[in-house]
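> Take this structure first; my questions come after.
What follows draws every value from the coordinates through simple rules; no lab data is involved. Because the structure is predicted, anything quoted here is derived from the model rather than measured. Heads up, the Cβs are rebuilt from the backbone with ideal geometry, glycines too, and the neighbour counts pull from every protein chain shown.
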Amino acid sequence: MAQPQAKYLKDYQAPAFQISHINLDFSLNGKNTSLVAVSKVVRVGDHAEPLILDGENIQLQSVKVNGVPADFIQSAGKLSINTQLTQFELEVVSKLDPESNTSLEGLYMSDGAYCTQCEAEGFRSITYFLDRPDVLAIYTVRIQADKALFPYLLSNGNLINSGELEGGLHYVQWHDPFPKPAYLFALVAGDFDLLEDEFITRSGRKVKLQVFVDKGNQHKAHHAIASLKKSMAWDETRFNLEYDLDIYMIVAVDFFNMGAMENKGLNVFNTKYVLADKASATDADYHGIESVVGHEYFHNWTGNRVTCRDWFQLSLKEGLTVFRDQEFSSDVGSRAVNRIHAIKVMKNQQFAEDSGPMAHPIRPESVIEMNNFYTVTVYNKGAEVIRMMHTLLGEAKFQAGMALYFERHDGQAVTCDDFVAAMEDASGIDLGQFRRWYSQAGTPEVIASESFDAATGTFCLTLEQSTPDTPGQSDKLPQHIPFDIELIDADGNSVINQVLDFTQQSQEFSFTGFNHKPFVSLLQGFSAPVKLEFDYSIEQLLHLMRFASSEVAKWEASVSLFSLCVWQCVDHLQNNKTMYIDNRIIDGFKGILLADDLNEALMAEILTLPSAGSLIEQTDSVDLDNLEVARQFAVLEIATACEDELLTKTRLLSSQGTAEARALKNVCLSLLLKVDDTHRTLAVKQFETADNMTDTLGALTALNAEQSSEREQVLASFESQWLETPLAMDKWFSLHATYTSAGCIDQLEKLLKHEAFSMSNPNRVRSLIGVFAAANTFEFHRLNGKGYQFLTSAIIELNKVNPQVAARMITPLIQFKKFDLVRQDLMKASLQQILAIDDLSKDLYEKVTKALS
Ligand code: B3K
Ligand code: ZN
């Protein structure tokens, strides 16, 4: 079989034809579903090329040009139509089998409902089309189906017609007045519960809001609809952007490859990001819903009204929209906590991607399977790049840049360069060097050093930057880095708080007027997506934890402090010395629990000690076995020393009903259970009396850390209570997946056969297999190789069922570079095993070959 080929950004060519209008006529009838697609095609420019359409897995019935059977050639993934006409009507009739579509791309079924997912290139498995984002058409869609089974027939835009037909059928017709690329097309047909509301836009237009959920779940849709209204209002005030259609629909389906999809006027959502009530959803779930509902809504302008010219430009809409959803969450919630969560994603996941075989710039240059590039790099590093522009320009100029961007490009498919040009032109700030962030892959490394000249009272900071080679890219140039610092005096007063313009390979910054050497806080708030190397002393970090004026900087200092003590312990182990932890560090963490000027949410973040995964990201090669022992020791020492304070906090907080109090209480509870088995009774009591899922899960998480009869008992009780609620069962699967005991994998093997588990449902697969591989670091990497083998078998099975999900889950297996040679060999052997299977999907092929090359 021919090996999958890469496509290159440098080969981009404007389309040879445009399609201005398309009429789709669906007759939904299980395996005999049919579609008549009629397009108005226009030749662009003076050429004699045939019209070449994209298409996959389509049973083609007929092709006509202007009503006459066409002269065409069908080949792998293409339909080539021979015609010399400059304008014509093209009719393509095809048959579809949504029931056997387990890839969940194109037209498929979720729990008996028809639904579609077209981004990135799913439309081509619905009909032959110019399936590329720079072809924007006006869609009119007719849907016909059995009325009793599918009372709701939905598509983009406005409902223009509906009626009854013979044989229990009915039909509807939708028209979307906004030209859009095929990836934003959507169709849903099913029987749902509906929650309705309305939003009056700033200019006084009434918008109907509808959320469709599985029968019996209407009461769980209130938070989603409230989040939608909040997002609509926020986008008007902060970004001056108003909604443009008279209706906004959200449909929640349980079978979905990712979080949600921003189809024009008809978002399709994973149930995980819609359904919530206090009993079944955690505070984190509520927050996730608000942020994803916001994200998809914000795409209406950044993505839909202005879209991407080609898929290499994906970050144009995704980086920008993640930035916008982060700002939304920060404006309506805690800015510090939201920033901390974003930093964790960058440091734990994006840095790992950047140093692995899939490293790519936020605007990739070559792609085999586009679905592999919906990554933390394109999304989250992309958002950091937008955030740096925001830092460099300031809010007012940034908003002027946004306004210019819409003024220039509304209704167009454009590039990342177009966006930067609008920012540059509106602000007058030169972003020439800054553009390198779009083309250079890898995480820049910044080495900082300080010196103090007591005679002149001058503090000097030297910064040096370099970006390591990544696959296909070497000899990188210096980046334009906004480098946020604070200088604090010995009494804790902030003396300097400033963003440095760090643009050279090496640069020196001096500050005068000090009587004593100040304490420096570097790269505050993660002002640029770089790795910082600086030898902070314990003394410095403690000072920053107490006095840094930014809450995020306090948290950053605490992460450095804990990391420092873990690495010291690893060093002790490697040199056969007894591990110990400096008392000042212990006192530092105790001080957090006793501080009266810290809010609970921030305390919770600081006491959530850095995960194994995040520690691994701090090194180039990891001694995993010693890291496990050292981290456990450090956590236990800190927890033991703080036992009294933890108990006091837990008691104090147990009666408080805020999300912040719950977060802190549950962190304290987990630490307490590490100290002494007798504290298990606290967790069991919390489990038994909890009236919300956050506390239920907090108790379960604390008990899940060790083998015990109490653990068995609460897990069994949870299972019987939630067996019929898939999203709650996902939490139960994830608890098993993160169980850090030798029996973990045997349990997981059994759970693959559990009645609530299904390989064809991505939520189930992610919560059991994905969470194990991504979050249960030490069990996954056990030297017996069982963890790798468990993941490998699952991936091989999923390759057939759902290639996109399979490829997403392979990430921990391809990032083997940091591990010892024994583990590397085991991981590579697993990858070889995957490479050898028949019918390996493009998705897996791309990742495995890159990892092994
Ligand atoms: N744009 C979609 C993601 C599509 C992923 C396709 N594999 C959701 C989002 O980012 O809003
Ligand atoms: Zn998005």
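> Could you state the number of Å between the C-alpha centres of the stretch 267-327 and the stretch 395-473?
25 Å
> In degrees between 0 and 90, to the nearest 10, how far off the longest principal axis of the chain does helix 283-298 point, with axes built from Cα atoms?
Once rounded, one gets 50 degrees.
> Please compute the length gained on full extension between Asp246 and His516, using 0.36 nm multiplied by the number of residues separating them and subtracting their Cα-Cα distance. Walk me through the numbers before you get to the answer.
On the way: separation 270, 0.36 × 270 = 97.20 nm, distance 6.35 nm.
Extending this stretch completely gives an extra 90.8 nm.
> If you don't mind, there's one more thing I want to ask. Between the helical axis of 222-239 and the dominant principal axis of the chain, each derived from Cα atoms, what acute angle in degrees is found, rounded to the nearest 10?
90 degrees
> Which residues in the stretch 287-315 have a backbone N closer than 19 Å to a point placed 7 Å from the Cα of Ala403 along the Cα-to-Cβ line?
Residues passing the 19 Å test: 301-302, 306.
> I want to check the label-to-label distance for Ala226 and Asp331. Put each point 7 Å from Cα in the C-beta direction and report it in nm to one decimal.
Spacing of the two 7 Å Cα→Cβ label points: 2.0 nm.
> Please report the net charge: other residues with Cβ closer than 11 Å to the Cβ of Pro133, K and R +1, D and E -1.
-1
> Each label point is 7 Å from the Cα along the Cα-to-Cβ direction; what then is the distance between the points at His175 and Ala2, in nm?
In this crude label model, His175 to Ala2 measures out at 4.2 nm.
> To the nearest Å, what is the center-to-center distance of the stretch 708-735 and the stretch 576-608, using C-alpha atoms only?
32 Å
> Just how large is the dipole of the stretch 751-822 about the Cα centre, in debye to the nearest 20, putting +1 at every Lys and Arg Cβ and -1 at every Asp and Glu Cβ? Write down the numbers at each step before the final one.
On the way: 9 positive and 4 negative charges, 22 e Å.
Once rounded to the nearest 20, the dipole reads 100 debye.
> Further question: Determine the shape class of the stretch 117-221: with a ≥ b ≥ c the square roots of the Cα gyration tensor eigenvalues, call it rounded for a/c under 1.5, and otherwise prolate if a/b is greater than b/c, oblate otherwise.
Since a/c reaches 1.5 but b/c is at least a/b, the shape of the stretch 117-221 is classed as oblate.
> Next up: Between Gln656 and Ser34, what FRET efficiency comes out of the Förster formula 1/(1 + (r/R0)^6) with R0 = 51 Å and r the beta carbon distance, rounded to 0.05?
E(calc), rounded to 0.05, equals 0.30.
> Additional query: Return the long-range amide H neighbours of Leu51 (sequence gap of 5 or more, or a different chain), with a cut-off of under 5 Å between placed amide H atoms.
Under 5 Å from the amide H of Leu51 lie the amide H atoms of Ile81, Thr83, each far enough along the sequence or on another chain.
> Hey, another quick one. Using alpha carbons only, how many degrees (0 to 90, rounded to 10) separate the axis of helix 643-654 from the longest principal axis of the chain?
In the chain, helix 643-654 runs at an angle near 40 degrees to the longest axis.
> Here is a further query. Based only on other Cβ atoms within 10 Å, what is the fewest-to-most ordering of Thr282, Thr503? If you can, show how the numbers build up before the last one.
Values: Thr282 22, Thr503 15.
If I rank by nearby Cβ atoms, fewest first, I get Thr503, Thr282.
> OK, next. If you take the charge dipole of the chain about its Cα centre, with +1 on Lys and Arg Cβ and -1 on Asp and Glu Cβ, which of Ile592, Asn300, Ala336 is farthest toward its positive end?
It is Asn300.
> So how strong a dipole does the chain carry about its Cα centre when Lys and Arg Cβ are +1 and Asp and Glu Cβ are -1, to the nearest 20 debye?
On the way: 73 positive and 113 negative charges, 202 e Å.
Here the chain has a charge dipole of around 980 debye.
> Please compare each pair in Lys10/Lys180; Lys817/Lys842; Lys818/Lys847; Lys731/Lys818 to a cut-off of 26 Å on the Cα-Cα distance and tell me which ones are over it. Mind showing how you got there, number by number?
Numbers: Lys10/Lys180 24 Å; Lys817/Lys842 23 Å; Lys818/Lys847 17 Å; Lys731/Lys818 30 Å.
Where the Cα-Cα span goes over 26 Å, the pairs concerned are Lys731/Lys818.
> Within a Cβ distance under 11 Å of Gly303, other residues only, what is the Lys/Arg minus Asp/Glu net charge?
Net local charge, Gly303 excluded: +1.
> Nearest 5 percent is fine: what portion of the DSSP beta bridges confined to the chain is antiparallel? Could the numbers behind the result be given before it?
On the way: 103 of 126 bridges.
Antiparallel bridges: around 80 percent, rounded to the nearest 5.
> Given H placed on each backbone N at 1.01 Å, which residues far from Ala137 in sequence or on other chains put an amide H within less than 5 Å of it?
Lys180
> Just to check I understand the Karplus step: with θ = phi - 60° and J = 6.51 cos²θ - 1.76 cosθ + 1.60, what whole-Hz values come out for the stretch 140-149, glycine and proline as x?
Working through the residues one at a time gives 10, 10, 10, 10, 10, 6, 5, 6, 5, 7 Hz.
> Let me ask another. Among Phe778, Ala137, Gly319, flag the residue with its Cα farthest along the positive direction of the charge dipole of the chain, charges on Cβ as +1 for Lys/Arg and -1 for Asp/Glu.
The Cα lying farthest towards the positive end belongs to Ala137.
> If each residue's Cβ is checked for other Cβ atoms within 10 Å, how do Ile538, Ile592 rank with the fewest at the top?
Least crowded to most crowded, the residues run Ile538, Ile592.
> A further question follows. Sorting Ser280, Ser315 on the 10 Å Cβ count, fewest up front, what's the list? Write out the running numbers ahead of the final one.
Working: Ser280 18, Ser315 29.
By the 10 Å Cβ count, ascending: Ser280, Ser315.
> Hey, with R₀ at 35 Å, roughly what FRET efficiency would Asp193 and Lys685 work out to, going by the Cβ-Cβ distance, to 0.05?
It comes to 0.45.
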